[in-house]
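The values are calculated or read from the model by the stated rules, or taken from the named source; none is laboratory data. This one's a predicted model, so the numbers in the text were calculated from it and none came from an experiment. Here the Cβ is made from the backbone with ideal geometry for all residues, glycine too, and neighbour counts use every protein chain on show. Calculation scope for accessible area: heavy atoms of the full protein, side chains included, ligands and nucleic acids excluded. Shrake-Rupley method; radii C 1.70, N 1.55, O 1.52, S 1.80 Å.
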Amino acid sequence: MAQPFPLPEPMRRALEEARASAAADEVPIGAVVVKDRVVIATGQNRNRRDKDPTAHAEIVAMRAAAKILGTDRLTGCDLWVTLEPCAMCAGAIAHARIDRLYYGALDPKGGGVEHGARVFAQAQCHHRPELFGGIGAEPAAALLRDFFAERRS
């Protein structure tokens with residue numbers, strides 16, 4: 001039987017952030033910002049902890065990266081996230097000028113990249129990152145399934 005390819009390090013780190021998010025009773029989504037092949041910032045969902053509806057993992061990671069780099073433009077940076085970003089996060093990714101977006105599980109209900117608003121496909125979107133979906137999709141989806149199944153039982 002063939003062995004699956006190992007996950008890239010940034011997606012492994014994003015999954016760690018997602019697990020930490022679940023341990024804090026937040027929806028298990030994690031994100032990391034990479035510049036020059038080095039993780040410079042991480043994020044996990046913090047909506048409940050911070051009482052902030054915008055504290056999605058992607059936003060948390062991009063805010064941290066912007067502070068570290070001392071700029072609002074994250075050009076030259078890649079964002080790795082465990083779930084297809086929502087429309088709000090996709091808009092922030094465009095404003096931040098992220099070069100490449102890597103994401104795991106698809107989100108047919110709330111996604112804003114391949115589903116829903118399809119933010120990067122809109123004529124009004126002023127910056128479009130390169131997109132790479134489905135990386136680490138199964139472990140990311142399993143985290144979400146288990147998290148919500150536990151709450152329903």
PRO10 in a loop (DSSP other than H, G, I, E, B), on the phi < 0 side of the Ramachandran plot and either of a type outside the set (Phe, Trp, Tyr) or open to solvent by less than 10 Å² (accessible area, probe 1.4 Å) (or both): no
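From the list ARG49, ARG63, ARG73, which one is farther than 19 Å from ALA137 by Cβ, in contact with an Asp or Glu (Cβ under 8 Å, 6 or more places away or on another chain) and not acidic (Asp, Glu)?
Details: ARG63 fails: in contact with an Asp or Glu (Cβ under 8 Å, 6 or more places away or on another chain); ARG73 fails: in contact with an Asp or Glu (Cβ under 8 Å, 6 or more places away or on another chain).
Step by step, each of ARG49, ARG63, ARG73 is checked, and only ARG49 is farther than 19 Å from ALA137 by Cβ, in contact with an Asp or Glu (Cβ under 8 Å, 6 or more places away or on another chain) and not acidic (Asp, Glu).
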Qualifying residue in the stretch 26-34 (condition: in a loop (DSSP other than H, G, I, E, B), closer than 26 Å to ALA149 by Cβ, open to solvent by less than 10 Å² (accessible area, probe 1.4 Å) and in contact with a Leu (Cβ under 7 Å, 6 or more places away or on another chain)): yes
Of residues in the stretch 69-124 being open to solvent by 50 Å² or more (accessible area, probe 1.4 Å) and hydroxyl-bearing (Ser, Thr, Tyr), the one farthest from the chain's Cα centre (by Cα): THR71
Any hit, the stretch 135-143, residues being within 15 Å of the chain's Cα centre (by Cα), over 22 Å from GLU26 (Cα atoms) and open to solvent by less than 30 Å² (accessible area, probe 1.4 Å): no
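Counting only residues that are within 27 Å of GLU9 (Cβ to Cβ) and out of contact with any Gly (no Cβ under 9 Å at 6 or more places or on another chain), give me the strands (runs of 3 or more DSSP E) lying completely in the stretch 41-153 with at least 2 of them. Full working, then the answer.
Numbers: elements: 77-83, 100-105, 130-133.
Correct list: 77-83, 130-133.
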Residue count for the stretch 35-51, restricted to those that are more than 17 Å from ASP99 (Cα to Cα), open to solvent by less than 40 Å² (accessible area, probe 1.4 Å) and out of contact with any His (no Cβ under 9 Å at 6 or more places or on another chain): 1
